[in-house]
Structure formats: structure tokens, C-alpha cells
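Here's the structure, in C-alpha cells; my notes come after.
The values are calculated or read from the model by the stated rules, or taken from the named source; none is laboratory data. Quick caveat, the model's predicted, so the values are computed rather than measured. Because the Cβ atoms are built from the backbone with ideal geometry, glycine has one as well, and the counts that use them run over all protein chains shown. For accessibility, only protein heavy atoms count, side chains too; no ligands or nucleic acids. Shrake-Rupley method; radii C 1.70, N 1.55, O 1.52, S 1.80 Å.
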Amino acid sequence: MKKFAILFVCSLLLAACASRGEKTPTHPIPEEKPLYGVTHEGIFFVHDSLVLNAEVDSVQLASQATEWKKRPMEKVGDYHIYDCRKDNHDRALFVFYRNYFKIQYCFYTDKYASIPGVFEGKEEVIKYLDPEDVSATAKVGPVFYTTVLDEGPPLW
């Protein structure tokens, strides 16, 4: 009985130590690919792994270039994209921001939250986001706040 009690206590300690380990995202997130951003041409993108870790099927873009109106995104390869060039109004606003300022944007989920906001408190996913790219000062909640990529990566 004494051996059983010692074994039980040791197993509890091991379980407690294991639970303190670093959590991993539910869906693997690639480290070598851009996860979110906007190209110089006006294509906003978010990697599918972030969408899957938000536990949603689809996302909609909202940004300064869309006057915070939600725009449907299409899934192309590993990314969900919205091309501002398809809407004259969005393209005109985007060109203004592209040339002079960082641009704020987020990806609304079907859970009344947005990426990056949905990941608050989820360190296993937040560690993949550049802290300098996330701004919590927007009225809509946490948003990405980045410059456009001079040369768009081969996303699709």
C-alpha cells in the first residue's frame, strides 16, 4: 500500500510538470511563411492555419481601405485573400494608405470576434504574431497595423 501511495504521488507530480510545458496550437502554424499582411498591389491575406486556430471556417476583411466594412475573402491555396483592386472605392483608399501610412486591418470571424483579437490569452498562437504588428488601440478591438509589403510573397 505504501508503494502504491508513493507511486500515485509521483505520477501526480509528473502530470503537474507535464501540464506546465509549452502549449502548441491546435493546428500547426508554419514559421517560414508570412501569416498575414497586405501586398503592394492591395491583396490582404491571412494564412489558413490562423483561421483554423480561430476555430472558424471563413473570415472577412475589415480595414481602413474598406472603411471598416466587411469584405468576403476567398480561400486560395493556404491563404484567405481579399483583392482591393476588384472594388474601385477600396482600391482608391488603399492606394492612399499604401503610399504614406501603415494600415490597420483585421479578419472578422463568424464568432463575433476578429483575428488577431480572438487569440487574446492564447499564447500558443500569439507567439507567432509579431507584437509590433498588433495594435489594441482601434475602436474595433485588436487589429493588425502594418506597412504594405514592397514585394509580395508567392502566396497563391
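For the reader, a short list of remarks on this structure follows.
- Of all positions in segment 144-154, none carries a residue that is over 15 Å from T39 (Cα atoms) and in contact with a helix residue (DSSP H, G or I) (Cβ under 6 Å, 6 or more places away or on another chain).
- Of the residues making up segment 98-134, those that are among the polar types (S, T, N, Q) and surrounded by fewer than 17 Cβ atoms within 10 Å (Cβ to Cβ) number 1.
- Count - residues of segment 56-69 that are modelled with pLDDT of 95 or more and open to solvent by 10 Å² or more (accessible area, probe 1.4 Å): 1
- Where L149 falls short, out of the listed (1) within 17 Å of V56 (Cα to Cα); (2) touching a His at 6+ places or on another chain (Cβ under 9 Å); (3) open to solvent by 20 Å² or more (accessible area, probe 1.4 Å): (1)
- Subset of segment 98-119 (residues that are at pLDDT below 90, under 16 Å from S58 (Cα atoms) and of a type in the set (A, V, I, L, M, F, W, C)): A113
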